[in-house]
1. Percent of accessible area on the chain owned by carbon and sulfur, 1.4 Å probe?
2. Between Rg and the Kirkwood Rh of the chain, both from Cα atoms, what is the Rg to Rh ratio?
3. Normalising by the residue count of the range 1-40, find the relative contact order in percent from Cα pairs under 8 Å and 6+ residues apart.
4. Helix 307-316 versus the longest principal axis of the chain: what is the Cα-based angle in degrees, 0 to 90, to the nearest 10?
5. At a Cα cut-off below 12 Å, give the aspartates and glutamates reachable from K8, other chains included and same-chain residues fewer than 8 away excluded.
6. Apply the a/c threshold of 1.5 to the C-alpha gyration tensor of the range 305-380 and tell me whether it is rounded, prolate or oblate.
7. At 1.4 Å probe radius, can you tell me the per residue accessible area of the range 104-196 in Å²?
8. So, in nm, how far is label C89 from label T20 when the simple model puts each one 7 Å beyond its Cα toward the Cβ?
Amino acid sequence: MAWHYRLKCIGCGAEFPPNTIIYKCSSCGELLSVEYNNDLMSPEISLRWASRPLTVWRYIELLPISDSSKMVSLGEGGTSLNRCVRLGCELNLKNLYVKNEGENPTGSFKDRGMTVGVTKALELDMKRVACASTGNTSASLAAYAAKAGLECIVLIPSGKVAFGKLVQAIIHGARVIQVKGNFDEALRIVEELCLTQPIYLLNSINPYRLEGQKTIAFEIWDQMGHKVPDKVIVPVGNAGNISAIWKGFKELYMAGLIEKLPEMIGIQSEGAAPIANFIKGGLKEMRFVERPETIATAIRIGSPVNWKKAVKAIKESGGLAETVSDEEILSAQALLARREGIFVEPASAAAIAGLIKLADMKLIDRDETVVCILTGHGLKDPDIVLRQFPKPVEIEADLEALIKIFAS
Ligand code: F0G
């Protein structure tokens with residue numbers, strides 16, 4: 001069979017055939033990336049896209065799947081790109097947009113990766129899939145594994161996963177294992193498990209999963225009338241998504257479909273910000289965070305496995321990284337909900353908090369087009385909201401009592 005892609009090491013450049021089950025380079029241990037054959041990289045590639053619905057699979061020519069009959073789909077992708085006039089006005093930005101990934105089937109951008117990753121698991125004839133997760137990856141993998149009829153194992157940091165996400169993994173029948181430790185520790189052991197057992201690892205070190213996530217870039221380009229924004233703001237945890245989105249934009253560029261690339265801006269929570277600290281501090285060596293802590297549990301990660309890819313994305317694009325506090329995240333979450341009618345989870349609100357901070361610092365020009373990636377739905381973590389706001393008032397079922405409330 002002739003393949004239209006191959007795996008390439010981001011460190012030493014070694015290449016591996018597509019049908020090998022491998023997550024890191026066997027020569028130097030670096031991460032792998034999916035590279036497509038040169039003849040695909042021309043503007044003609046987009047001719048067939050236009051007639052297909054806006055979903056992850058619209059872009060199948062640039063996805064690493066050979067047998068589309070095995071496709072495992074729940075209708076992912078095609079999320080709204082909303083123009084934010086009210087929030088934009090408040091921040092003095094004329095062209096502010098948000099891409100609402102909470103609209104995906106399990107409520108986060110992870111579904112884009114899992115539709116490709118779980119399809120890949122079937123192509124590779126794997127019967128079991130696994131991941132470590134701060135919540136959304138496990139919710140998504142559990143759903144796609146259920147759809148595919150695969151056994152699913154998920155490892156989560158004990159007591160640090162929002163209930164909405166835990167419930168999703170449970171209802172879809174995943175084997176949920178709580179690890180007494182943080183995400184980084186859970187990832188280390190699940191990686192070891194998958195290297196020694198016939199279980200397919202679907203964390204973001206899996207290069208195929210990230211291919212699905214790069215379609216965020218393709219969709220933004222499509223939704224903006226074949227243009228790209230000046231800046232894209234992404235919350236960063238394990239750093240797979242920002243790397244994937246950058247790869248998507250670069251492929252559009254390599255295919256001759258765009259003439260300029262956006263700046264990639266990564267936002268991390270202050271208590272879990274190794275990448276932002278590395279970039280902002282101009283450090284020579286990456287300093288991982290041993291005990292990451294933040295209210296945005298989805299990005300409570302101290303040793304992001306994709307850090308090299310993410311740093312490259314930010315630097316190559318001329319972008320930047322910033323940190324935000326838990327207070328800034330919560331206030332951005334409420335502001336977005338009240339100005340734009342979009343309820344996101346705290347990790348996604350980190351992108352908005354970053355936007356506000358950068359606008360305050362005059363690092364975003366009023367006329368620039370900015371897209372914030374809202375990675376997950378707010379209903380996954382309602383407790384956080386209930387804890388911050390007073391309980392609604394209670395009255396007798398009586399009109400006078402009701403009127404009194406408004407008078408007070
Ligand atoms: N936003 C949300 C809602 C997330 O769930 C995640 C990651 C991120 C942002 C960061 O993306 O890791 O690619 O930099 N959640 C993972 C999980 C780690 O297990 O669900 P990233």
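1. 52 percent
2. Across the chain, the Cα-based Rg/Rh ratio is 0.98.
3. 46 percent
4. Around 80 degrees separate the two axes.
5. E30, E35
6. Since a/c reaches 1.5 but b/c is at least a/b, the shape of the range 305-380 is classed as oblate.
7. Numbers: 3380 Å² over 93 residues.
Using a 1.4 Å probe on heavy atoms only, each residue of the range 104-196 averages 36 Å².
8. 5.8 nm
The values are calculated or read from the model by the stated rules, or taken from the named source; none is laboratory data. Keep in mind it's a predicted model, so treat the numbers as computed, not measured. Every residue, glycine among them, receives a Cβ derived from its backbone with ideal geometry; neighbour counts consider all protein chains shown. With ligands, DNA and RNA removed, areas are computed over all heavy atoms of the protein, side chains included. Shrake-Rupley method; radii C 1.70, N 1.55, O 1.52, S 1.80 Å.
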